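Accompanying notes for the structure given below.
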């Protein structure tokens, strides 16, 4: 396993895309990182003494993050707390024009780490994407209505990218600095 695993749980694939982008952004900053799906056998075979930092991402659906992420964070909170770590929550609510919706997404992310006993270096709430092509007909209809109410995209013939990649890049920069800072202290 690489020095900085970027663990993720995903439903429609956007959290995986963000995790892979974070890996590339960390590599550009000289950090050895690797994206790891929480459902993979690799996620269970963590060599914690060699992990210098860790990121964990999950997407938010109907007010909850994936169970795999919750189980992982609770099982490994001591290891997560012992090194620079970040939780990134991916949702459409954070992109809402209604401040109350974005505030609720932030609260759910904070509650996620609190429930796990985890004190991450950083909590980032990132916008996902409207993955109309991945939704079943009922979910597509519901998501289209929600998007229309928000003044967002309603063309269901394609997916709509809402992720602000500059925010993802900023998360990578902050984590690279925290990981380098910890390594410098250990030297």
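Before moving on, here are some points about what is shown:
- CD proxy at 222 nm, helix term only [per DSSP H run n ≥ 4: -39500 (n - 2.57); per residue of the chain; nearest 500]: -14500 deg cm²/dmol
- Helix 99-116 axis, angle to the chain major axis (alpha carbon atoms, nearest 10°): 40 degrees
- Structure-derived Rg/Rh (Cα atoms, Kirkwood Rh): which label, when the choices are [x] 0.98; [y] 1.00; [z] 1.03: [x]
- Among 15, 10, sorting on how many other beta-carbon atoms sit within 10 Å of each Cβ, with the fewest leading, yields 10, 15.
- Translational diffusion of segment 1-102, µm² s⁻¹ [Kirkwood Rh, Cα pairs; Stokes-Einstein; 4 °C; 1.567 mPa s]: 92 µm²/s
- When 16, 125 are arranged by Cβ crowding within 10 Å, least crowded first, meaning fewest neighbours, the order is 16, 125.
- Backbone N under 15 Å from the residue 107 label point (7 Å along Cα→Cβ), restricted to segment 55-80: 63-64
- Stretching the chain fully between residue 48 and residue 74 yields a gain of 7.8 nm (0.36 nm per residue, less the alpha carbon separation).
- Short-range pairs are left out: with C-alpha atoms under 8 Å and at least six residues apart, the relative contact order of the chain is 22 percent.
- Rg then Dmax, both in Å and based on the Cα atoms of segment 55-117: 12.0, 37.
- Length released on extending from residue 39 to residue 173, taking residue separation times 0.36 nm less the Cα-Cα span: 45.6 nm
- With respect to the chain, whose longest principal axis is taken over its alpha-carbon atoms, helix 14-28 is tilted by about 40°.
- Folded to 0 to 90 degrees: helix 165-186 orientation relative to the chain principal axis, Cα: 10 degrees
- Euclidean distance between Cα centres, segment 87-135 to segment 3-36, Å: 17 Å
- Proxy reagent accessibility, fewest Cβ within 10 Å first, across 142, 31, 46, 18: 142, 46, 31, 18
We did not get these values from a lab; they are worked out from the coordinates using the rules stated. Remember, it's a predicted structure, so these values are computed and weren't measured experimentally. Backbone-built Cβ (ideal geometry, glycine too); neighbour counts: all protein chains shown.
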